[in-house]
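Undergrad: I am attaching a structure below and will ask some questions about it afterwards.
Every number in this text was worked out from the coordinates using simple rules, so none of it is lab data. For clarity, every value in this text was computed on a predicted model and none was experimentally measured. Here Cβ is always computed from backbone atoms with ideal geometry, including for glycine, and neighbour counts include all displayed protein chains.
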Amino acid sequence: WGGSQGSTGSSARTSLKAFSLSLSGFIEEPERKYCFECASEQQCQEWIEALKRASYEFMRRSLIFYRNEIQKMTGKDPLEQYGISEEARFQLGTRK
């Protein structure tokens, strides 16, 4: 996730009402940039947080966290029954 934030408007208090998102790693359009404009600063912050939470890395870290919590409570690896407990993508220090 690479993003930049900008402000619009001419009020005395600078408020964030727009942000952009650049996605790298896509072969078809490696430099594509998406621009978003919101009705309020709060709405912009809500969108930014929602996009962060939707990222692969956030989901991966959440899965690892809950996997460890279940292991602490039950003594069993919940991913073992699916045969994927040793995959690198499910290990904390590794990125895939």
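Undergrad: Once fully extended, how much extra length lies between Glu86 and Ala54, figured as 0.36 nm per residue of separation less the alpha-carbon to alpha-carbon distance?
TA: Details: separation 32, 0.36 × 32 = 11.52 nm, distance 2.42 nm.
Contour length minus Cα-Cα distance gives 9.1 nm.
Undergrad: In nm, to one decimal, how far is the modelled label at Ala39 from the one at Ser62, with both set 7 Å along Cα→Cβ?
TA: Taking the simple label geometry, Ala39 and Ser62 are separated by 2.6 nm.
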